[in-house]
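Down below is the structure, laid out as structure tokens.
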Amino acid sequence: MNVLTDVWDYLTTAANWTGEGGMLQLLVEQLLLTFTALGLAILVGLPIALWLGHLGRGSLLAINISNVGRAVPTFALLALLVVADWPGTRDFGPYGRAGLATIIALTLFALPPIITNANVAVREVSPAARSAADGMGMTGWQKFRRVELPLSAALVLLGVRLALVQVWATATIAALVAGPGLGRVITDGFYRTNYGKGIAGAVVVAAVALVLEGGAALTQRALDPVPRQDPDRSRSAKGSRGMSADTPTVVEETDAVGR
Amino acid sequence: MAAAAAEEPSCYSRLTNEWFCWQYVVDRQDQLESATVEHLQITLAAVLVGVLLAFPLALLARGVPRLETAILGTSTMLYTIPSLALFPLLVPFTGLSATTVVIGLALYALTILVRSMLEGLRGVPAEVRESAAGLGYGPARRLLRVELPLALPVLMAGLRVATVSTVALTTVGTIVSYGGLGDLISDGVLTNFRAELMTASVLCVVLAVVLDLAIVGTQWLLTPWARGRATAR
């Protein structure tokens, strides 16, 4: 258990956190990467997925993009991008070495949970609610904006939350190809047999992951326009599955792809 | 010496460094084979451990509703931790070994499997379970003969998701030098060796597809009553 004291020493030494290449700088770098990629994926994926859902289409796209995202290792894709002539390892603004390659990989792996959940959410809005909207004389756009979007919001937000967890995990893996972010503390430690350092990096990465996930869960609850009980609870209530008129359910909550 | 140097440059020489190179596959067949075998072993061991742990946990969660929140909450929390952080966190306990990777991957698989098992068992209609009880089935026999077969499509869907993502995640095991094909990918990045990198990546995806098809095939064999009907998903 000697290594555990090394971990503690590394975490409690101020010099390891501050300065050039310190953990705080790497943390900020990885957060920046994560939210940039998440933003890009939302911009690209969400409109398409929502609109296809409104048209009642996209089920094939949703299933296939999840399957492909799961089968392709994040590490392999990052490695291919880094070794290729473009984008390679070139620096990219504040995102550090191999920044562009990392952003591309992160965005690609954020797309499956966002697209799948958003598409399923809109498609599974209850037909009764749609008919009611039609009966009230709503146009297609009004129906989408005022009925389908609010009713599907919870699941759409869940997709974004899963994507956030996914992107944070992938951003960590970027260190395996000598990319930016906190994962570098882990890889540095392990490659130089300084296991205390490597495990200390893992502790920080894991802690931030849990904080992000907790924050995302709270945000999701706050943003949901349709008040309801905890989605996890309502799903586990016996017999309620598939019977509720307003809450679409998705089959796999843990639909995140490779981490 | 000059003759050796002037030898026909193969497609994976430093000069050409092509992405796709069959000569590489032929020359390094042993290395590729042992990496693939290690990858397969780690993946299968992890999924197996995952199934063995998930099954009792799912039954427990179903039997004791109060435990359900705790079990699902804990496993979901584990799922949130990135793999590159989870493996190092296990190192103080299991060292730099394949066990570390297998346990880490089993924990991820567990999360997916417990959820799908609960979902599958819950999907069995109450009337069916009552009928089974009425026919004199005890809890154990009812589970094995009635509930599990009916839940099988959902269980298998979960198993497919868990297996395919485990194949992909095994590559990250390279952080403790047990990453199967991930070790080759890692070496490919380090030495800028495109053929190695591409071959290992492609083998990874192929492995995932083959295992996925194997599970679909097994399900087809196990559920003769479902044939001819549209598949669940």
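Read-outs throughout are calculated quantities, based only on the coordinates presented, and are distinct from any laboratory measurement. In this text the structure is predicted, and so the values were computed from the model without any measurement. A quick note on method: Cβ atoms are made from the backbone with ideal geometry, for glycine too, and the neighbour counts reach across all protein chains shown.
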Exercise for review: Calculate, in whole percent, how much of the Cα-Cα pair population of the range A:1-76 lies beyond 14 Å.
Suggested key: 77
Practice item. In nm, give the distance between the simple-model label positions of A:ALA15 and B:LEU44, each being 7 Å from the Cα along the Cα-to-Cβ direction. Key: 5.0
Study note, to complete from the structure: So, with points 7 Å from each Cα along the Cβ direction, the A:LEU55-A:LEU24 label distance in nm works out to 5.1
Check your understanding: What is the helix-to-structure angle for A:2-12, meaning the angle in degrees between its Cα long axis and the longest Cα principal axis of chain A, kept from 0 to 90 and rounded to the nearest 10?
Key -> 80
Point to revise | Dipole magnitude of the range A:2-236, debye to nearest 20 (Cβ charges: Lys/Arg +1, Asp/Glu -1, about Cα centre) | key: 700
Study note, to complete from the structure: In Å, the Kirkwood hydrodynamic radius from C-alpha pairs for the range B:78-233 sits at 18.0
Practice item. Could you point to the residue in B:LEU135, B:ALA58, B:LEU222 farthest towards the positive end of the range B:30-226's charge dipole, with +1 and -1 charges on the Cβ of Lys/Arg and Asp/Glu respectively? Key: B:LEU135
Check your understanding: So what's the convex hull volume per residue for the Cα atoms of the protein assembly as shown, in Å³?
Key -> 182
**Study point:** Average other protein chain Cβ within 10 Å of Cβ, residues B:165-176
**Key:** 6
Check your understanding: Which Cys residues of the protein assembly as shown have no other Cys beta carbon under 4.7 Å away?
Key -> B:CYS204
Practice item. Stick to the Cα atoms of the range A:2-236, pair each with every other, and give me the Kirkwood hydrodynamic radius in Å at one decimal. Key: 19.4
Study note, to complete from the structure: Helix A:59-71 sits off the longest principal axis of the Cα atoms of chain A, rounded to the nearest 10 on a 0 to 90 degree scale, by 20
**Study point:** In nm, spacing of pseudo-spin labels at B:VAL202 and B:ALA133 (7 Å Cα→C-beta vector)
**Key:** 5.7
Revision key, fill the gap. Final fewest-first order of B:ASP212, A:ASP91 on the 10 Å Cβ neighbour count is A:ASP91, B:ASP212
Exercise for review: Within 10 Å of each Cβ in peptide A:195-206, how many partner chain Cβ atoms are there on average? Round it to a whole number, please.
Suggested key: 5
Practice item. Calculate the dipole size of the protein assembly as shown relative to its Cα centre from +1 charges on Lys and Arg beta carbons and -1 charges on Asp and Glu beta carbons; express the result in debye to the nearest 20. Key: 1840
Check your understanding: Which whole number gives the average, over all residues in A:62-75, of C-beta atoms from other chains lying within 10 Å of the residue C-beta?
Key -> 6
